[in-house]
1. Quick check on this structure: which one of 230, 239, 217 is at pLDDT 70 or above, farther than 30 Å from residue 345 by Cβ, touching a helix residue (DSSP H, G or I) at 6+ places or on another chain (Cβ under 6 Å) and surrounded by fewer than 20 Cβ atoms within 10 Å (Cβ to Cβ)?
2. Going by the structure shown, is residue 245 at pLDDT 70 or above and touching a strand residue (DSSP E or B) at 6+ places or on another chain (Cβ under 6 Å)?
3. For the structure I just gave you, tell me whether residue 409 is buried (at least 17 other Cβ atoms within 10 Å of the Cβ) and closer than 25 Å to residue 336 by Cα.
4. Residues of region 306-321 being surrounded by 18 or more Cβ atoms within 10 Å (Cβ to Cβ) and touching a helix residue (DSSP H, G or I) at 6+ places or on another chain (Cβ under 7 Å), which ones?
5. Name the single residue that is surrounded by the fewest Cβ atoms within 10 Å (Cβ to Cβ) among those in region 336-350 being assigned to a helix (DSSP H, G or I) and in contact with a strand residue (DSSP E or B) (Cβ under 8 Å, 6 or more places away or on another chain).
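The values are calculated or read from the model by the stated rules, or taken from the named source; none is laboratory data. Just so we're clear, the structure is a prediction, and the values are computed from it rather than from any experiment. Here the Cβ positions follow ideal geometry from the backbone for every residue, glycine too, while neighbour counts run over all protein chains shown.
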């Protein structure tokens with residue numbers, strides 16, 4: 001499918017280079033720049049293991065090795081102070097400004113340089129990289145107490161004066177939910193209107209809004225507020241984009257971090273063991289908001305491909321398993337309980353293979369650690385959460401299918417690699433792709449020999 005803005009199809013591969021010149025705003029560089037933005041989000045998040053796991057891919061993207069291997073975390077810097085270089089003078093404008101800001105990250109190894117680059121990319125007329133930058137910046141701004149964004153008194157009023165004539169009509173169009181977002185008060189992504197993909201990308205409109213807002217920079221505290229307004233508007237539109245890749249990048253901004261703490265593994269279910277040669281059931285689990293799609297439903301292309309070529313016992317009857325696809329931890333816990341009950345009803349002797357995409361992988365993993373009888377778990381672009389790691393320590397076979405570098409997981413600041421274990425078979429797609437759903441597409445399974453490589 002061709003998306004708006006002239007970019008390539010959902011699952012088309014792209015090339016990456018460590019050359020700074022490829023940080024320019026060009027359609028042929030958009031895939032690499034989306035991944036660069038997402039990588040910076042992971043680094044800003046400060047999870048050293050997540051950074052090390054993606055180190056080879058980050059180096060391919062041109063991120064300096066000393067930043068990747070450093071023990072210093074950018075989380076040591078106050079998020080508010082990380083916006084302090086937005087007004088640094090640069091000798092060139094346009095593409096050269098972007099390239100200069102990208103090179104500055106390697107020269108200074110400072111979060112302020114990374115944030116300045118992200119703000120520059122935010123203003124891009126290319127839909128996907130602009131949305132990715134908005135998601136990465138929201139991860140920084142969303143951690144701040146809004147009361148700190150602008151000082152009270154005359155300074156606060158000057159911020160509003162700078163924003164007043166941006167044009168009220170621009171802010172009230174579809175996809176805008178107003179100013180009072182925070183991490184605790186994000187837009188309600190489960191509302192019906194989010195289903196409507198009616199916010200077509202208008203690069204000229206966005207460039208006009210961005211340039212007018214940026215012309216009002218002039219105060220370190222007020223500047224964060226101005227950028228926050230732009231980020232909210234951009235995410236609001238991206239969540240309603242007709243382009244599924246853009247929507248997935250925007251949604252990654254709101255994924256809650258994996259809770260700290262170990263996961264206790266329950267003893268195996270005391271139900272009957274699977275008799276030798278018994279016809280058990282295989283099934284599929286969609287990810288966050290995935291129930292709105294159809295790849296996991298009987299008679300869809302991917303379901304038919306797996307059914308006819310690899311798992312003739314793939315569940316194809318009525319009452320198929322589905323869950324809300326909502327993005328909070330409590331929703332995945334409820335889904336795992338429902339899945340345990342569904343699995344015992346349809347396959348009391350155990351499930352053979354569960355194909356689970358994205359956070360559907362965590363739903364399946366939670367069921368495993370609670371004693372679900374699953375012989376094989378095929379993870380498709382799943383974040384490596386504590387529950388997923390715990391499931392890999394259980395007595396089952398795991399096939400881990402994922403992108404070379406998944407920008408959706410990186411923007412969500414999730415880990416992307418399962419530690420090496422004898423029961424885990426990794427299958428990393430060889431070509432670079434942006435589509436978080438590429439791992440459940442029939443053509444990509446065939447092109448990348450996923451089934452033979454995963455011994456499926």
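1. From the options 230, 239, 217, the qualifying one is 217.
2. In short, no.
3. yes
4. The answer is 314, 315, 321.
5. Ranking the qualifying residues of region 336-350, first place goes to 346.
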